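Worksheet: one structure, shown below.
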Amino acid sequence: MTGRTCQSPGASAASGVCEAGTLCLVWGSGDAMALKEELLKPIWHAFTALDVDKCGKVSKSQLKVLSHNLCTLLNVPHDPVALEEHFRDDDEGPVSNQGYMPYLDKFILDKVHGEFDKVEFYKMCWTLCAKKYLVRSPLCISEDSAFKVWTIFNFLSDDKYPLTIVPEEMEYLLRKLTEAMGSGWQQALFEDYKIGLHNQQRGLSVWELIELIGSGQFSKGTDSTTVSMAINEVFNELVLDVLKQGYLWKKGHKRKNWTERWFVLKPNVISYYTSEDLKDKKGDIILDGSCLVESLPDRDGKKCLFLVKCVEKSFEISASDKKKKQEWIQDIQTVVNLKKMGVASPHRDARHKRKAQREKLQAEQEELERRMKDLQTSNEMKQQELEQVRTQLREAAARAELEERKRHDTHMELQDRFREELQREQMIRQQMEEKVAQKSSELEQYLRRVRELEEMYHRLQEALDDEKQARLEEERARLLQTRLLEEEAAKRAMLEDLHKEQEMTIKMTEAEKKELESMQEMKEKALQEAMQQLEQLERERIAALEQYEQVKCNLEMATSKTRSWKDKVAQHEGLIRLIQPGSKNPGLITNWGPASFTQGELQEREKNWQEKKNATSLE
């Protein structure tokens, strides 16, 4: 796979010349260069998956199919004539005297200006390379999750071919996956794994990364569904630039009605859909540096309102609670601020910053190693010079001793004859001693310099220890921050439980209210029945009163007749008085004369009437 690629960072598209069928990667500048870098990585994977002949060359038919698929997915007009002219046949078969990259750069990548489906483009390249290199078992993730890991790898890998992901970016990815799964980060496990990577002196390829994540080494105890959801969340965030998403209520511009939509926030636009499956797109809110987002007071029965002001329109949006409202306002304001600063994608900007930081640390480490090497070389040279001086001193001492021995042998015989020569020899010896003293002082200076160099080395070692301690403290701070985030998640879960209990209490209160309302209805029904009975009694009382009036009239008529007959009898037969039994109780006198009932009978009737009245009121 690596034998058919070459890298030429300093060459232009017109000067990239490689062997037949070789994908030569070139570089440019600006937005077009950023787009080329993004497209070249999946194309590189697809190209390396093509079959080669015995000479290591890719056939022209495969290049035609690959070029046609790329043009179709990138919405670029395909020119088969240009491909035929670029790759011409000779006696040895299809040979390229220019390489595939110049054709790819000139006839495909330079013409990519309109919009295209990025995910479909990635899937085409993934399909070509996954058939050949993907190990489908034993992986605990689906092929769709493996595809998303492959896409994330292309986003995080360095622009060096063959593509690999460095340990720092791999740690960043595994941390985000662990956070998305809701698990704790295992720093010790990753440090042990990273030691093996440092021993290999390289990063991981995409297939090794898929195998690592699919093996479950960093997700033990987590089910495959949670791992797939975490991979999908990181894929949406890093690759699709989804900064935030969720359900919100939006006010219409024409009908002024409120509709619930699924909102997706990206670095330059807020798109809203009918549901979270993203199939039915309803519109976009284009964000730029002039956009404003501000909170609104509650009105029209809607709470947690905020307003997004754009150049052409303003959008009123309602969140489900104050926390989500504040989060959306902050995230939208962050996107607007990034647009003002000219940052197209925060994750790509963060990736470039991490890469620059790694390059800076690597340069500092190389400079420190170079200085240590220079210091060691200088120390070795000083040691060699010091050893040479010691050798010279030993040789000089040996020569002096030899000369002294010779002088001692001839001293007795030549004492008188060579006295002057002896004095001259003493002068020479004195000079030699001065030289020896001078050499000794130089030796002491060299030794002092060596001690200074050793002290500098110890100070440098202390500085390295301080840096290591600072990194350990930074890691402890990161662990503390992780623990605080976990506590915050636990508090959020507790608040959600309290919210559920409150909803249950409200439901019970509503049930009791319905029961009271039913009892009230029963009482009202009983009251209506009592009123009807009271009205019936009133009608009966009126009827009885009318009957009483009729009886009284009849009684008066009978009394009148009796009186008239008494008068007649008295006139004809004399004074005749009818003897009638008298009443035991004193009679009652009414407006019409003596009553037809006694005082006891009246009290009995009042008592019965009062009992009926009390019974009716109780009902």
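The values are calculated or read from the model by the stated rules, or taken from the named source; none is laboratory data. Please read all numbers here as calculations on a predicted model, not as lab measurements. Backbone-built Cβ (ideal geometry, glycine too); neighbour counts: all protein chains shown. Heavy atoms of the whole protein, side chains included, go into the accessibility calculation; ligands, DNA and RNA do not. Shrake-Rupley method; radii C 1.70, N 1.55, O 1.52, S 1.80 Å.
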Would you be able to say whether some residue in region 260-270 is farther than 30 Å from Ile152 by Cβ and either free of Cβ contacts under 8 Å to residues at least 24 places away in the same chain or touching a Lys or Arg at 6+ places or on another chain (Cβ under 6 Å) (or both)? yes
Which residue out of Leu296, Leu307, Leu292 is surrounded by 12 or more Cβ atoms within 10 Å (Cβ to Cβ) and over 12 Å from Lys325 (Cα atoms)? Leu292
Criterion: touching a Ser or Thr at 6+ places or on another chain (Cβ under 7 Å) and aliphatic (A, V, I, L, M) - qualifying residue of Ile165, Ile213, Ile195: Ile165
Of the residues in region 61-85, how many are in a helix (DSSP H, G or I) and either of a type in the set (Val, Ile, Thr) or surrounded by fewer than 20 Cβ atoms within 10 Å (Cβ to Cβ) (or both)? 15
Could you please let me know if Glu312 is modelled with pLDDT of 90 or more and either in contact with a helix residue (DSSP H, G or I) (Cβ under 8 Å, 6 or more places away or on another chain) or farther than 20 Å from Val343 by Cα (or both)? no
Checking Lys325 against (1) surrounded by 15 or more Cβ atoms within 10 Å (Cβ to Cβ); (2) more than 18 Å from the chain's Cα centre (by Cα): exactly one of these is not met. Which one? (2)
If we ask which residues in region 107-157 are crowded, with 22+ Cβ neighbours inside 10 Å and of a type in the set (Lys, Arg), their number turns out to be 1
So, Leu238, is that one within 23 Å of Lys148 (Cα to Cα) and within 20 Å of the chain's Cα centre (by Cα) or not? yes
Within region 159-193, considering residues that are part of a helix (DSSP H, G or I), of a type in the set (Asp, Glu) and open to solvent by 30 Å² or more (accessible area, probe 1.4 Å), the one farthest from Glu38 (Cα to Cα): Asp192
If we keep only residues of region 267-300 that are part of a loop (DSSP other than H, G, I, E, B) and small (Gly, Ala, Ser), then the residue farthest from the chain's Cα centre (by Cα) is Ser290
Only one of Glu413, Glu404, Glu359, Glu434 is exposed (fewer than 10 other Cβ atoms within 10 Å of the Cβ) and either of a type in the set (A, V, I, L, M, F, W, C) or without any contact (Cβ under 8 Å) to a residue 12 or more places away in the chain (or both). Can you tell me which? Glu413
Six or more apart or on different chains, Cβ under 9 Å: which pairs go from a residue in region 594-618 that's over 16 Å from Arg541 (Cβ atoms) to one that's modelled with pLDDT of 85 or more and exposed (fewer than 10 other Cβ atoms within 10 Å of the Cβ)? Could you list them? none
So how many residues does region 371-396 have that are open to solvent by 60 Å² or more (accessible area, probe 1.4 Å), touching a residue at least 12 places away in the same chain (Cβ under 8 Å) and either out of contact with any helix residue (DSSP H, G or I) (no Cβ under 9 Å at 6 or more places or on another chain) or not basic (Lys, Arg) (or both)? 3
Residues (exposed (fewer than 12 other Cβ atoms within 10 Å of the Cβ) and in contact (Cβ under 8 Å) with a residue 40 or more places away in the chain) located in region 310-322: Lys313
Please enumerate the residues belonging to region 274-289 that are within 20 Å of Ser314 (Cβ to Cβ) and either of a type in the set (Phe, Trp, Tyr) or open to solvent by less than 60 Å² (accessible area, probe 1.4 Å) (or both). Gly283, Ile285, Leu287, Asp288, Gly289
